[in-house]
Every structure is written in C-alpha cells, then in structure tokens.
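Take a look at the structure set out below.
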Amino acid sequence: GNSVTQMEGPVTLSEEAFLTINCTYTATGYPSLFWYVQYPGEGLQLLLKATKADDKGSNKGFEATYRKETTSFHLEKGSVQVSDSAVYFCALSSNTGNQFYFGTGTSLTVIP
Amino acid sequence: NAGVTQTPKFQVLKTGQSMTLQCAQDMNHNSMYWYRQDPGMGLRLIYYSASEGTTDKGEVPNGYNVSRLNKREFSLRLESAAPSQTSVYFCASLWVNTEAFFGQGTRLTVV
C-alpha cells in the first residue's frame with residue numbers, strides 16, 4: 001500500500017540555521033510527491049512538488065529531491081527565518097492520481 | 001478564483017446535535033476529500049469522492065456521512081455529534097496527478 005513517514009517534531013532552530021525534515025514513502029507505481037506548509041490558524045498550502053524520480057522541487061528557498069532509490073523526499077532550506085515557523089507535511093499522490101496520503105506533520109519553530 | 005470554499009469556519013455543537021459541513025470547489029476537479037486534523041495526529045482521511053456520484057470511506061469514517069451533490073460540492077454530515085468529533089475539518093480537491101487544494105478549515109467544538 002501507500003504511506004508516508006516523516007520525521008517527528010517539534011523542531012526548534014535558530015534563525016539562519018540549516019533545516020532538514022526527513023520524509024520517506026512507500027508506494028506502488030510512480031507517485032507524485034509534495035510538501036505542504038500550514039501556518040498557524042490556516043489551511044494547507046502547497047510548498048513544492050516533484051512528479052518523477054530525480055526531479056527537484058523548489059520554492060521560497062526550500063528544496064526537495066525525489067529519490068526513488070531511497071524512497072525519500074527530504075525537505076531542506078539553507079537558512080531559515082522566523083517566518084518559516086509552521087507545520088510541514090510530506091504527501092504523495094497515488095499512481096492512479098485520485099488518492100492522497102499525508103505524513104503526520106513536523107512542527108518547526110524558528111527563534112530569533 | 002475562489003478555489004476551495006468551506007462553510008462554516010467555526011461551529012459549536014451540543015452532544016447529539018447534527019450539522020452539515022459544506023465544501024465547494026470551482027476548479028472542475030474530479031476528486032474531493034474530507035480530512036480531520038487533531039493535535040499530534042496529522043491529517044486523517046474521513047471520506048473521499050473520486051468522481052461525481054461516487055464516495056468511499058477513508059481511515060476514520062465512523063460517525064460521518066457524505067454527499068457528492070454534484071461535481072462542485074461535497075458535504076460532510078455529523079448525524080449525532082460527539083465530543084470525540086471536536087476537530088478541525090479540511091476539505092480538499094484535486095485533478096488527476098496534480099496537487100491537492102485545501103479549504104481554510106472548519107473548527108468544530110462539540111460540548
């Protein structure tokens with residue numbers, strides 16, 4: 001079956017620190033992979049995506065590379081800001097395209 | 001472009017009351033979903049509809065019913081609310097192999 005496992009939080013970093021949030025997946029076929037971000041009191045917003053192996057998604061300084069050999073899609077940012085404080089969700093879309101699977105979310109707090 | 005619209009945004013119910021959460025999307029997406037979000041539990045799928053006229057159970061369907069009224073609208077009904085259904089509810093929609101688009105959520109408290 002399909003599932004997503006992501007690093008548990010909470011994660012607390014100082015401003016300008018390097019961020020990695022690990023995400024691994026199990027899937028049949030060739031899923032698309034996503035990172036969503038949820039700011040306090042808001043819904044989920046797409047942060048970045050990758051639709052095939054070796055694709056790199058990037059947005060707002062965040063990056064993640066679709067690694068089929070390690071079934072991973074780790075989120076990275078070189079220098080975090082206070083405004084990056086949020087909950088981050090890794091997700092996959094099934095091969096058939098109509099099922100979505102989420103990780104449990106990782107809470108990030110960036111302190112000045 | 002409104003995207004996914006959920007109503008209401010907030011609701012307080014007494015145990016045993018019923019209510020319907022409404023969701024509408026204007027992106028012509030085939031698939032629509034209802035999730036609940038609880039602290040430390042991430043997002044759990046309640047029901048989904050892969051296309052107009054079809055609905056399927058997700059991970060936590062007990063205590064809920066859904067209706068896919070047409071391609072745009074997908075409602076979630078609580079027939080007899082319980083305190084365990086206190087949560088934030090999100091509706092989402094997607095086209096095949098694209099990202100899911102989310103509504104802003106409904107914060108439901110059952111007392």
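Measuring nothing but how far apart in sequence close Cα pairs (under 8 Å, 6+ apart) lie, relative to its length, chain A scores a relative contact order of 37 percent.
The dipole here belongs to chain B: it is taken about the Cα centre, uses +1 on the Cβ of Lys and Arg and -1 on the Cβ of Asp and Glu, and is about 240 debye. Sequence-ordered 3J(HN,Hα) estimates for the range A:20-25 from the Karplus curve with 6.51, -1.76 and 1.60 and θ = phi - 60° stand at 9, 10, 7, 9, 10, 9 Hz, glycine and proline given as x. Quick note on chain A: its Rg to Rh ratio, both from C-alpha atoms and Rh being the Kirkwood radius, is 0.96. Across peptide B:87-95, the average count of Cβ atoms from other chains found within 10 Å of a residue's Cβ is 2. Modelled spin labels at B:Gln17 and B:Ser84, positioned 7 Å past Cα toward Cβ, are 2.1 nm from each other. Placing a label point 7 Å from the Cα of B:Thr109 along the Cα-to-Cβ line, the residues of the range B:13-31 whose backbone N sits under 16 Å from it are B:13-15. Among the chymotrypsin sites (Phe, Trp or Tyr not before Pro) in the range A:1-69, those located in a DSSP loop and surrounded by at most 12 other Cβ atoms within 10 Å of their own Cβ are A:Phe18. Taken residue by residue and averaged, Cβ atoms of other chains lying within 10 Å of the Cβ of B:29-41 number 2.
Peptides B:67-76, A:83-92 ranked from most to least packed, by the mean per-residue count of other Cβ atoms within 10 Å: A:83-92, B:67-76.
Every number here is computed from the coordinates shown, using simple stated rules; none is lab data. This is a predicted model, so every value here is computed, not measured. Backbone-built Cβ (ideal geometry, glycine too); neighbour counts: all protein chains shown.
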